[in-house]
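The values are calculated or read from the model by the stated rules, or taken from the named source; none is laboratory data. Just so it is clear, the structure is predicted and the values come from calculations on it, not from any experiment. A quick note on method: Cβ atoms are made from the backbone with ideal geometry, for glycine too, and the neighbour counts reach across all protein chains shown.
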Amino acid sequence: MTHTKCLAPGQMWSTHAWVFALILRVAVAQAPADQYRDRRLIMVRDQIEARGIKNQEVLAVMRIVPRELFVPESVRPQAYDDQALPIGFGQTISQPFVVGLMTELLDAKKNDRVLEIGTGSGYQAAILSRLVGEVYSIEIVPELARSAAETLRSLRFRNVTVREGDGYRGWPEKAPFDRIILTAAPPEIPQVLLEELKGGGTLVAPVGVGVQNLVVVQKSADGKTITRSVLPVRFVPMKKGTEQTGIGQGTFSLPGDDVKYKAKGMPMPKGSRSRHPRSTELGRAREYTRRMRQDGDLRSSRLLTISDARRI
């Protein structure tokens, strides 16, 4: 015999309301994520994979890391567009294809220790963190160092350490590194970074003044290096700690002492708070990037592919 338990009208309404509320909460929570997830998949398919990026691990990571959370809210609708975007202080987040290309060229392994020069928004560090053992990232703009570290911490990228400091000095306490990546262009690769690169390691960087090229440096076990040029790019210049960075009507001197921010449980400086750059700074960055090709964009107006790069 089958026994069926009948609910009183009030109990039935209460149960239905609870189920409906649960479904509604799940739908509301997932809607924005689903929207950006689709755009991420399209970005990887049309902008990165279609241009010749073949490393499946790189493609998989770029399908899941939320690029929209690494840009100011005012440009978030453009997060997956085929272009670099301003993040304030004259800096930008690189074009998605360039991020994918540089990550593939780095050819990092899961236990590698990687040094990044130019944290910026933290997006490149986030991509790397899912592919390697440890990421150490140096950012010369204090506000960006704090903002990137907080974003990485909140998204639980626990194997990333962000340091405010001068990339030209490297990170000797953590050297040597299996891989080094630069997201700002020096006139030539600093010798200290070549010294901090392990034998058998790889360095990827944009190099040059005016005319810039993306290069890959391979270091042999005996310390000799071989450099090859991949394709022309346009990045912001790599600044030294003695230089001044302009923001709006004034400038500020970059501090002489490095300050570290650990992405896991990062202690924020007293009296500071993490936030994206103000809209006025963002407007200035837009004007800056309107007048010149944006950081991390290909210099050519034609969309280059990997096969194009091999002919350059």
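Of the residues LEU69, LEU131, only one is touching a helix residue (DSSP H, G or I) at 6+ places or on another chain (Cβ under 7 Å) and under 24 Å from ALA50 (Cβ atoms); which?
LEU131
For residues that are in a strand (DSSP E or B) and either among the hydrophobic types (A, V, I, L, M, F, W, C) or under 12 Å from PRO237 (Cβ atoms) (or both), tally how many sit in the stretch 158-188.
Total meeting the criteria: 7.
I need the full set of residues from the stretch 139-150 which are buried (at least 24 other Cβ atoms within 10 Å of the Cβ) and within 13 Å of the chain's Cα centre (by Cα), in order please.
Matches in the stretch 139-150: GLU139, ALA145, SER147, ALA148, ALA149.
Mind listing whichever residues of the stretch 167-190 are surrounded by fewer than 20 Cβ atoms within 10 Å (Cβ to Cβ) and either modelled with pLDDT under 95 or acidic (Asp, Glu) (or both)?
Within the stretch 167-190, GLU173, GLU188 qualify.
May I ask you to list the residues in the stretch 98-125 that are in contact (Cβ under 8 Å) with a residue 60 or more places away in the chain, under 12 Å from the mean Cα position of the chain (by Cα) and either surrounded by fewer than 24 Cβ atoms within 10 Å (Cβ to Cβ) or farther than 23 Å from LYS198 by Cβ (or both)?
Selection gives VAL98, VAL99, GLY120.
Give me the pairs, please: first residue somewhere in the stretch 69-90 and on the phi > 0 side of the Ramachandran plot, second residue anywhere and aromatic (Phe, Trp, Tyr), beta-carbon distance under 6 Å, and either six or more positions apart or on two chains.
From residues that are on the phi > 0 side of the Ramachandran plot, the pairs are GLY90/TYR288.
For the stretch 116-138, indicate whether the set of residues that are part of a strand (DSSP E or B), touching a strand residue (DSSP E or B) at 6+ places or on another chain (Cβ under 6 Å) and among the hydroxyl-bearing types (Ser, Thr, Tyr) is non-empty.
Scanning the stretch 116-138, I find at least one residue that is part of a strand (DSSP E or B), touching a strand residue (DSSP E or B) at 6+ places or on another chain (Cβ under 6 Å) and among the hydroxyl-bearing types (Ser, Thr, Tyr), so the answer is yes.
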